[in-house]
Amino acid sequence: MFGAAASAAVFGLLIPLSGCGSSSGDGEDGDALRLVAAEYGNNSANSSKAFWDKVTADFTKANPDIKVEVKLMPWADIDREVSRMVDAGKAPDMALMGSYSDFAAQGKLYSAEELLSVTAEANFLQPLAEAGSVGNTLYGLPFVASSRLLFYNTKLFADAGIIPRDGSTSWQPKTWTDLKAAATALKAKGVRYPYALPLGPEEAHAEAMIWELGNGGGYADSSGNYSLASDQNIQTFKWLKEQLVGPGLTGPVPPSQLNRADAFAAFLRGEVGMLNGYPSLSHEARAKGITVGTVAMPVSEYLGTGETPPAVGVADWMMAFKQNGKREEIGRFLDFVYQDKNLADFAGRYHLLPSTVTASRTPAGGGLDKNDEQFLTALRGAQLYPVNDPAWVTVSDTIKRSIGRAVEPGGDPKAVLEDIAARAGAASKKKR
């Protein structure tokens, strides 16, 4: 699973559905616009089909000369399948998925300027627009997004004496030392996962980036070049290994084997004291009667408490292919899809954040509750993965499968990060 939408699929495989919208089944109308979209639901009751059926029907009612077919695919398959379609000369007109930059680098996508009005193009939240741009040209149209905050189970914290039981004071960690102190107290009370550190292959690149930013590091330097083995990143993983993993503060499952979905499931069972989460997990927890506190991730002592690093943001991308030459029809459809009511409807279904300023500004436009507003605030100043690099899909896969070794008992953070950096450099050269 990749991107913001992974938050909508924590507990199972996504199901493939096709024939949405004005399509009557699996057959394809050669004159219809074709959209291949990721399935955001995890069962038939919350499938994305209902949304696309309504939007395409409403659009065709207003534009009788344009029909739209929507094919839904699981997140596990969609990037690979769309790439296969493009390579076979059968690109869809549009795709909604987790990556876009490889197609942009090949010159296969329309730019936002070719599709949307000036007002619509300027409406995207700034960090998302930057991540969707190659050079200064927007190719990946951000659709929905999320950001990450540090969650803590208030009951477990009160049981451990970290916060008062009456809720009069919340937990306000400033540094990693504060986080370690809380984890130590939780472990002493028998909490199974004082801090859940999911560095398994599902989404280790998110957890790693959160910690790296908290020490002034990250995946790229100010020039946009990969800096995976920077001194700050090496220092970060050395601290995690020695101060959290070594003392047994991350739970019974080695971080390199702990996937995000498993960490989230443990949190919902009341077994996790702290972890990094996003809006849908907060809603799931509330539904199960778990009271969640949320705070910004604390920073390292090396960085200093006066610094406020950005949160990690993730987004999913709408893109339009040139191959079939339907620029005008695609533009009309996307202008319709990106109307506030439609974007807010979709985001609200999956507890994600809309990608535009106007859809997220007011309750009428975005439907955001107070829980989600804090994630929107974090998103406005967030740092996203370097998704505008065509090599990022390969680089992120390398990080996901390797970074957990840096905190293993015999692991060498410097050697692991330098190995990842070398493989990332090779991938970048191959994509040039």
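Take the residues in region 316-356 that are in a strand (DSSP E or B) and aromatic (Phe, Trp, Tyr); name whichever of them is farthest from the chain's Cα centre (by Cα).
Phe321
When you go through (1) touching a Ser or Thr at 6+ places or on another chain (Cβ under 7 Å); (2) among the β-branched types (Val, Ile, Thr); (3) over 27 Å from Asp53 (Cβ atoms) one by one for Val253, which number turns out not to apply?
With (1) touching a Ser or Thr at 6+ places or on another chain (Cβ under 7 Å); (2) among the β-branched types (Val, Ile, Thr); (3) over 27 Å from Asp53 (Cβ atoms) applied to Val253, the lone miss is (1).
Which residues, counting only those in region 104-125, are part of a helix (DSSP H, G or I) and open to solvent by 10 Å² or more (accessible area, probe 1.4 Å)?
Ala104, Ala105, Glu113, Glu114, Leu115, Val118, Thr119, Ala120, Glu121
Restricting to region 195-227, and then to whatever is polar (S, T, N, Q) and closer than 27 Å to Gly135 by Cβ, can you tell me which residue is surrounded by the most Cβ atoms within 10 Å (Cβ to Cβ)?
The residue in question is Ser227.
Considering each of Phe157, Phe151 in turn, give the residue that is in a helix (DSSP H, G or I), at pLDDT 95 or above and open to solvent by less than 50 Å² (accessible area, probe 1.4 Å).
After applying the criteria, what remains is Phe157.
Quick check on region 126-138. Is at least one of its residues over 18 Å from the mean Cα position of the chain (by Cα), at pLDDT 95 or above and either farther than 18 Å from Asn388 by Cβ or surrounded by 13 or more Cβ atoms within 10 Å (Cβ to Cβ) (or both)?
yes
Tell me which residues, restricted to region 173-194, are β-branched (Val, Ile, Thr) and either over 19 Å from Thr236 (Cβ atoms) or surrounded by fewer than 17 Cβ atoms within 10 Å (Cβ to Cβ) (or both).
Those that are β-branched (Val, Ile, Thr) and either over 19 Å from Thr236 (Cβ atoms) or surrounded by fewer than 17 Cβ atoms within 10 Å (Cβ to Cβ) (or both): Thr177, Thr184, Val191.
Filter region 376-396 down to residues that are assigned to a helix (DSSP H, G or I), open to solvent by 30 Å² or more (accessible area, probe 1.4 Å) and within 27 Å of Glu284 (Cβ to Cβ), then give me how many there are.
2
I need the full set of residues from region 139-162 which are without any contact (Cβ under 8 Å) to a residue 60 or more places away in the chain and either in contact with a helix residue (DSSP H, G or I) (Cβ under 6 Å, 6 or more places away or on another chain) or of a type in the set (Asp, Glu) (or both), in order please.
Across region 139-162, the qualifying residues are Asp159, Ile162.
Taking interchain pairs and intrachain pairs at least six residues apart, which have beta carbon atoms under 9 angstrom, with the first residue in region 299-315 and in a strand (DSSP E or B) and the second of a type in the set (Val, Ile, Thr) and open to solvent by 50 Å² or more (accessible area, probe 1.4 Å)?
Note: pairs meeting the criteria are Val299/Thr305; Val299/Thr308.
If we scan region 252-262, do we find a residue that is assigned to a loop (DSSP other than H, G, I, E, B), open to solvent by 20 Å² or more (accessible area, probe 1.4 Å) and closer than 30 Å to Glu130 by Cα?
Checked against the condition, which is being assigned to a loop (DSSP other than H, G, I, E, B), open to solvent by 20 Å² or more (accessible area, probe 1.4 Å) and closer than 30 Å to Glu130 by Cα, region 252-262 yields at least one hit.
Restricting the search to region 365-375, which residues are surrounded by fewer than 20 Cβ atoms within 10 Å (Cβ to Cβ) and in contact (Cβ under 8 Å) with a residue 40 or more places away in the chain?
Asn371, Gln374, listed by residue number.
Among the numbered criteria (1) surrounded by 19 or more Cβ atoms within 10 Å (Cβ to Cβ); (2) over 24 Å from the mean Cα position of the chain (by Cα); (3) at pLDDT below 95, which one does Leu281 miss?
(2)
The values are calculated or read from the model by the stated rules, or taken from the named source; none is laboratory data. Small disclaimer: the values here were computed from a predicted structure and weren't measured. Note: ideal-geometry Cβ built from the backbone for every residue, glycine included; neighbour counts use all protein chains shown. Quick note on the areas: whole protein, heavy atoms, side chains included, nothing else; ligands and nucleic acids left out. Shrake-Rupley method; radii C 1.70, N 1.55, O 1.52, S 1.80 Å.
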